[in-house]
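Student: Please find one structure pasted underneath; my questions will follow.
The values are calculated or read from the model by the stated rules, or taken from the named source; none is laboratory data. This one's a predicted model, so the numbers in the text were calculated from it and none came from an experiment. Neighbour counts run over all protein chains shown; Cβ positions are idealised from the backbone, glycine included. Keep in mind that these areas ignore ligands, DNA and RNA; they rest on the heavy atoms of the full protein, side chains included. Shrake-Rupley method; radii C 1.70, N 1.55, O 1.52, S 1.80 Å.
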Amino acid sequence: MSARASTPTLAAFAAPGAIVFGLFFLLPVCAVLVGALADGGSAFGRLTADPVFWNGLRGTLVLGTVAPLFSLVVGFCVALTLSRLAPGLRTAALIAISLPLTFSGLIVAYGFILLLGRSGFVTLLLAELGFDPAVTGAFIFSPLGLGLAYSYYLVPRVVLIVLPAISNFDRNQLTAARSLGASGARALVDVMLPQIMPSLVAAFCLTSAVAVGAYGTALALVGTQVNILPLVLYSKVSETGTDLPAASAASLVLVAICALVVSIGEIVGRGRKARG
């Protein structure tokens, strides 16, 4: 039976994390809060009275839900396939799948423009089949196109989170379910999914927080054509109309949404693990 570490030892191990948390989260958030209250708190009133803000909030919530859900489905299928590969081949595939995480949002946006834009490679190929480039090339600049671009770097995150849970799952349970008459899909839904649900919830919440706060890809791909909170924040600090207190207030809303999503994922994940 191992002895429990003393309180000073635990505090010493926790100190570096607490320092990083304070310097790189609490301190910046407090600075932004001070900026939002610089004009006596009226920035929050201006923000809530602005219909552009509410449209941006609605667009952010939709994008932050649909793109992660799509990425979760694709990532789960990819992780399920990778779990059946040999270890060496799986490692090589993971390296390739993780490459999008090394690219900045601007590179991802311009890559999709070169691929699916009005003069993109795929658009020109479809034009040879009779499709109108003006129509097919406009897709990537729409909200659906933005969600597809987000999924490019959300899917790898889902795979990296879900794959360990799937790899550690005892597949004999699926065999037993099949022997009792369950179909493959039924066994997957009733046996596997409930056991890996904490990982699925964690993957969804993480990718949702990333999608809510993503900025570079949206700005380079759609500019201000799609109304989401990061672009509303950009409009508050652009040269055409600077409103730093309102921008700080919008930043706090973004932080609150991301913190809420991550907290919900942590609570749901811990609750399921405790019941398990």
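Student: Among the listed residues 26, 61, which satisfies the condition of being loosely packed, with under 13 Cβ neighbours inside 10 Å, at pLDDT 90 or above and under 22 Å from residue 213 (Cα atoms)? Break it down into steps so the answer makes sense when it comes.
Tutor: On the way: 61 fails: loosely packed, with under 13 Cβ neighbours inside 10 Å.
Criteria check complete, one pass: 26.
Student: Okay, next question. Is there any pair with a first residue in segment 149-176 that is within 30 Å of residue 221 (Cβ to Cβ) and a second that is part of a loop (DSSP other than H, G, I, E, B) and at pLDDT 90 or above whose Cβ atoms are under 9 Å apart and which are 6 or more apart or on different chains, and what are they?
Tutor: Filtered contacts from segment 149-176: 163/83.
Student: Does residue 111 meet the test of being on the phi > 0 side of the Ramachandran plot and open to solvent by 30 Å² or more (accessible area, probe 1.4 Å)? Quick ask: steps written out before the conclusion?
Tutor: On the way: on the phi > 0 side of the Ramachandran plot: no; open to solvent by 30 Å² or more (accessible area, probe 1.4 Å): yes.
Against the criterion (on the phi > 0 side of the Ramachandran plot and open to solvent by 30 Å² or more (accessible area, probe 1.4 Å)), residue 111 does not qualify.
Student: Then there's this: Yes or no: residue 27 in contact with a Gly (Cβ under 9 Å, 6 or more places away or on another chain), in a helix (DSSP H, G or I) and free of Cβ contacts under 8 Å to residues at least 24 places away in the same chain? Write out each step before concluding.
Tutor: Details: in contact with a Gly (Cβ under 9 Å, 6 or more places away or on another chain): no; in a helix (DSSP H, G or I): yes; free of Cβ contacts under 8 Å to residues at least 24 places away in the same chain: yes.
Spelling it out, it is not the case that residue 27 is in contact with a Gly (Cβ under 9 Å, 6 or more places away or on another chain), in a helix (DSSP H, G or I) and free of Cβ contacts under 8 Å to residues at least 24 places away in the same chain.
Student: Could I ask something else about it? Could you list, in sequence order, the residues of segment 131-152 that are under 27 Å from residue 105 (Cα atoms), of a type outside the set (Gly, Ala, Ser) and open to solvent by 20 Å² or more (accessible area, probe 1.4 Å)? It would help to see each step written out before you state the result.
Tutor: The first filter runs over segment 131-152 and keeps only residues under 27 Å from residue 105 (Cα atoms), leaving 133-152.
In the following step, the residues that additionally are of a type outside the set (Gly, Ala, Ser) were identified as 133, 135-136, 139-141, 143-144, 146, 148, 150, 152.
Once the filter is applied, which keeps residues that are under 27 Å from residue 105 (Cα atoms), of a type outside the set (Gly, Ala, Ser) and open to solvent by 20 Å² or more (accessible area, probe 1.4 Å), segment 131-152 yields 133, 135, 136, 139, 141, 143, 144, 148, 152.
Student: In segment 168-198, how many are part of a helix (DSSP H, G or I) and either surrounded by 16 or more Cβ atoms within 10 Å (Cβ to Cβ) or not aliphatic (A, V, I, L, M) (or both)? Spell out how you get there, then give the answer.
Tutor: First, pick out the residues of segment 168-198 that are part of a helix (DSSP H, G or I): 172-179, 184-198.
Among the residues that remain, those that are also either surrounded by 16 or more Cβ atoms within 10 Å (Cβ to Cβ) or not aliphatic (A, V, I, L, M) (or both) are: 172-175, 177-179, 184, 186-187, 190-192, 194-198.
The number of residues fulfilling the criteria is 18.
Student: Looking at segment 269-276, can you tell me whether even one residue there is in contact (Cβ under 8 Å) with a residue 40 or more places away in the chain and assigned to a loop (DSSP other than H, G, I, E, B)?
Tutor: Scanning segment 269-276, I find at least one residue that is in contact (Cβ under 8 Å) with a residue 40 or more places away in the chain and assigned to a loop (DSSP other than H, G, I, E, B), so the answer is yes.
Student: The conditions are (1) over 23 Å from the mean Cα position of the chain (by Cα); (2) open to solvent by 20 Å² or more (accessible area, probe 1.4 Å), and residue 201 fails exactly one of them. Which is it?
Tutor: Unmet condition: (1).
Student: For segment 67-83, check the following and say yes or no: at least one residue is in contact with a Lys or Arg (Cβ under 6 Å, 6 or more places away or on another chain) and assigned to a helix (DSSP H, G or I). Spell out how you get there, then give the answer.
Tutor: From segment 67-83, those in contact with a Lys or Arg (Cβ under 6 Å, 6 or more places away or on another chain) are 82; that's our starting set.
Then drop every residue that is not assigned to a helix (DSSP H, G or I), which leaves 82.
Checked segment 67-83: at least one residue is in contact with a Lys or Arg (Cβ under 6 Å, 6 or more places away or on another chain) and assigned to a helix (DSSP H, G or I).
Student: Does residue 31 meet the test of being more than 25 Å from the chain's Cα centre (by Cα), open to solvent by less than 80 Å² (accessible area, probe 1.4 Å) and closer than 15 Å to residue 251 by Cβ? Quick ask: steps written out before the conclusion?
Tutor: Numbers: more than 25 Å from the chain's Cα centre (by Cα): yes; open to solvent by less than 80 Å² (accessible area, probe 1.4 Å): yes; closer than 15 Å to residue 251 by Cβ: yes.
So residue 31 passes the test.
Student: Find all pairs meeting these conditions: Cβ atoms under 7 angstrom apart; at least six residues apart or on different chains; first residue within segment 193-213 and in contact (Cβ under 8 Å) with a residue 12 or more places away in the chain; second residue open to solvent by 20 Å² or more (accessible area, probe 1.4 Å) and small (Gly, Ala, Ser).
Tutor: The qualifying pairs are 196/165; 199/165.
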